[in-house]
Amino acid sequence: MPKIEYTGTFLRQFRELPKEIQKKILKSIRLLAENPKHPSLRSKPVQGAKGIFEASPDMHYRITYERLPGDILRLRVVGPHDEALKNP
């Protein structure tokens, strides 16, 4: 089971989201910690950003993350689809 690590950017963006979206994000983080390949996350590599992946808490929001040695997932960015993928 991977360990989850957060960037300052991720934490700041998360705090700015509406509470109902935060709940969806937290559920997705739990799923990432249990199984990063869980089908409901729809995880896939971010095009044009080597080593960065995206997960989908819902159809409008994205979490970007990278896999680090030692079974660590570093959560990088969270927000609306286009904004999150602009600078993953």
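Kindly provide the set of residues from the stretch 10-19 that are of a type outside the set (D, E, K, R) and surrounded by fewer than 15 Cβ atoms within 10 Å (Cβ to Cβ), ordered by number. Break it down into steps so the answer makes sense when it comes.
Residues of the stretch 10-19 that are of a type outside the set (D, E, K, R), as a first pass: 10-11, 13-14, 17-18.
Listed by number, the residues that qualify are 11, 18.
Which pairs have Cβ atoms under 8 Å, sit 6 or more apart or on different chains, and link a residue in the stretch 71-82 that is closer than 15 Å to residue 11 by Cβ to one that is of a type in the set (Asp, Glu)?
73/5; 73/66; 74/5; 74/66; 75/5; 76/66
So residue 22 fits all but one of (1) surrounded by 13 or more Cβ atoms within 10 Å (Cβ to Cβ); (2) free of Cβ contacts under 8 Å to residues at least 12 places away in the same chain; (3) under 16 Å from residue 3 (Cβ atoms); what number is the exception?
(3)
Checking the condition assigned to a helix (DSSP H, G or I) and either surrounded by fewer than 19 Cβ atoms within 10 Å (Cβ to Cβ) or in contact with a Cys (Cβ under 6 Å, 6 or more places away or on another chain) (or both), which residue from 83, 66 passes?
Values: 66 fails: assigned to a helix (DSSP H, G or I).
Answer to the check: 83.
Kindly indicate which of 85, 68 is over 19 Å from residue 3 (Cα atoms) and touching a residue at least 24 places away in the same chain (Cβ under 8 Å).
85
Is there any pair with a first residue in the stretch 1-16 that is farther than 14 Å from residue 65 by Cα and at pLDDT below 95 and a second that is among the acidic types (Asp, Glu) and not in a helix (DSSP H, G or I) whose Cβ atoms are under 9 Å apart and which are 6 or more apart or on different chains, and what are they?
From residues that are farther than 14 Å from residue 65 by Cα and at pLDDT below 95, the pairs are 1/71.
The values are calculated or read from the model by the stated rules, or taken from the named source; none is laboratory data. Remember, it's a predicted structure, so these values are computed and weren't measured experimentally. Neighbour counts run over all protein chains shown; Cβ positions are idealised from the backbone, glycine included.
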